[in-house]
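Structure first, then comments.
The values are calculated or read from the model by the stated rules, or taken from the named source; none is laboratory data. Owing to the predicted nature of the structure, the values given are computational and were not obtained by experimental measurement. Note that each Cβ is placed from the backbone with ideal geometry, even for glycine, and that neighbours are counted across all protein chains shown. Each accessible area value is taken on the protein alone, full model and side chains, heavy atoms only, with ligands, DNA and RNA left out. Shrake-Rupley method; radii C 1.70, N 1.55, O 1.52, S 1.80 Å.
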Amino acid sequence: YKLGQKKPFFYRLVEDLAGVMGDAYPELTREADRVAQVLKTEEERFGETIEHGMKILDESMSTLKPGATLSGDTVFLLYDTFGFPPDLTADICREKKIIIDEEGFNRAMEAQRTRARMASQFKALKTIPYSGHKTRFDGYDLLTETAEVVALYKEGVAVEVLQPKETGLVILNQTPFYGESGGQAGDSGSLVSDTLFFEVQDTQKIQPEVMGHIGVVTKGQIKVGDQVTASVNETLRAQTMRNHSATHLMHKALREVLGTHVQQKGSLVNADRTRFDFSHHQPMTDDEIARVEAIVNREILTNTESTARVMSYDDAIKTGAMALFGEKYGDSVRVLNIGTSCELCGGTHIKRTGDIGLFKIVAESGVASGVRRVEAVTGLGVMDYLNTRNGWIARVAGELKTAPEEIGERVTRLIESARAGEKEIARLKARLVSHEIRDAVENHTRVINGIKTFVYKLVGVDNAVLREALDKARDLIQSGVLVLATENEGKVQLVVGVTKDQTARVKANEIAASLAQMVGGKGGGKPDMAQAGGSEVDKLDQALLSVEKLLSNTK
């Protein structure tokens, strides 16, 4: 980066590596193009990290002298917000003889970890001191059953009773409620008796085989030992099952369309939609999304029966079931077959693929380096999505006074018209600036230390117009030094020109660098033409006034 090498190059080693190691690792040859693309993407992203981080770091160090200390908060900001490695910050500071505040950085890191721990309800539930019997889960076959309250907790502390309007956690001896795991959200519903109504808002596993029913007492009171009727919200469970089953079909379709390198990196399935993160090095194209949707919907239309079998982990893998990398499995696992998908999964699912109804991907995005995210809806969720989209289309068509099917053509014409208008505005603005420059050169050119000098600030122009104005002024002044400036969106832009006959005495790049420092930025270029920019707009006038002093000191 310091030598000016800012383009990716490491990825070009893949071809040679495959040639040397391809016999031992055939996947290198088979996947060479994809590996090279992934490496190139990583280099480009890290290059952006370096560029953004260096800008922040340079600004932070500009006010520090050798021996001074860079605050730990700044080091943490670079790391947490911009992904700039702390050891790289330390290396750069060491070259400038600046010390980094390691203790301050460590404090900021620990504070972030504390915030993360406090924000995690799941981790908080793990601290509940329950040591009783396991909860028998009957939710694969039942949505309602009678159960006994074996423990109650209020704010993490065991209690014997929860009073009206109190929020707490209930543990039952058996339950139809599914506790959040494997990406599937926990069930909601109710615990009811003749004198009690406890609204279950969420279900979490406080231990691998112990369900915690989290909610609030809305009627009566609930006591340890009570017999209650536990009922899952059937509508929400059905919607969640449709989304979860569709996720399995989508996972298989993604591997079929994008390649077997696709691996699940995380998921969240609830009644509203499924969110699925997976390993892939670039955004999905519209065609790839359409192909995945077609594969899943074909599976749905076959309406094949889903099956679930419990067997040993080794036997499950022998059957071809897909296990998630990094997931912890017990000796016995549940093998789920949905359509042509076969995975290990403990979640709740539909009985036939046709129960899903319809499948639609509604969003695709990147969430981390090499990790993409798709969000999808099923069943009535697809109808809601399409109805909403149709409403938008109808509203846009109404605004454009055209039929929905003609929106594309109408928008294209509007864009072309807008572009033509922008070009005409730019042409007229350039003409106005040309006239302004002509008058300004005549009225504002001065002779400083024997050099014709033209310093002028234009209002509301972009960098392209600024350069055109410089060329126009150079033609008019013929010999001398020219400095033009403007302000745009809180930023300063400067161009400096020196005619060829004066570059032996004055360098445009040196003037630009000097002015840039005054406006909090950087500048550079050639002896006859240079540019500069900065963020301290309030110092621009002072910087322009300094040109006279710079030229007065020229020999």
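Descending by average beta-carbon neighbour count within 10 Å, the peptides 132-143, 415-426 line up as 132-143, 415-426, the highest first. In the chain, Cα pairs under 8 Å separated by at least six residues give a relative contact order of 7 percent. Students often get this wrong: which residues of the range 1-21 have the backbone nitrogen under 19 Å from the point 7 angstrom along Cα-to-C-beta of Leu88? It comes to 1-12, nothing else. Between Glu399 and Ala290, the simple label model (points 7 Å from Cα in the Cβ direction) yields a spacing of 2.6 nm.
Carbon-plus-sulfur accessible fraction, the range 338-387 (probe radius 1.4 Å, protein heavy atoms only): 55%.
Estimated from the Cβ-Cβ distance and a Förster radius of 22 angstrom, the FRET efficiency linking Lys154 and Leu236 is about 0.30.
Summing +1 for each Lys or Arg and -1 for each Asp or Glu among the other residues whose beta-carbon sits under 11 angstrom from that of Ser434 gives 0.
In the frame of its principal axes, the chain has Cα extents of 101, 63, 62 Å, reported largest first. Surface analysis of the chain yields an accessible area of 56 Å² per residue, using protein heavy atoms and a 1.4 Å probe.
One quarter of the convex hull surface built on the alpha carbon atoms of the range 442-555 amounts to 6.1 nm², the projected area averaged over directions.
Partner aspartates and glutamates whose Cα lies under 20 Å from the Cα of Lys491, excluding those fewer than 8 positions away in the same chain, are identified as Glu51, Asp58, Glu59, Asp462, Glu468, Glu536, Asp538, Asp541. Most tightly packed first, judged by the mean number of other beta-carbon atoms within 10 Å of their residues, the peptides 98-104, 400-406 read 98-104, 400-406.
For helix 102-119, report the angle its Cα long axis makes with the longest principal axis of the Cα atoms of the chain; keep it between 0 and 90° and round to the nearest 10°. The answer is roughly 40 degrees.
Rounded to the nearest Hz, the phi-derived 3J(HN,Hα) couplings of the range 396-407 under the Karplus curve 6.51 cos²θ - 1.76 cosθ + 1.60 (θ = phi - 60°) are 5, 4, x, 5, 8, 6, 8, 6, x, 6, 9, 4, where x marks glycine and proline.
Listed by chain and number, the aspartates and glutamates placed with their C-alpha closer than 18 angstrom to that of Lys205 are Asp138, Glu148, Glu155, Glu180, Asp187, Glu327; residues fewer than eight positions away on the same chain are left out. Beta bridges assigned by DSSP with both partners in the range 57-211 are antiparallel in approximately 75 percent of cases. Under 16 Å from a label point set 7 Å out along the Cα-to-Cβ vector of Asp315, the amide N atoms of the range 326-361 belong to 330-337, 344-345.
Quick one: with all protein chains in place, what share of the accessible area of the range 403-555 is carbon or sulfur, to the nearest percent (1.4 Å probe)?
50
Here Lys65 is the anchor, and the lysines within straight C-alpha reach of less than 18 Å, apart from those fewer than 8 places off in the same chain, are Lys55, Lys96, Lys97. Taking the average, over residues, of other Cβ atoms within 10 Å as the packing measure, peptides 38-44, 390-396, 329-335, 210-216 rank 210-216, 38-44, 329-335, 390-396 from highest down. Taking the protein heavy atoms of the range 251-315 in the context of the full set of protein chains, the accessible area attributed to carbon and sulfur is 46 percent at 1.4 Å.
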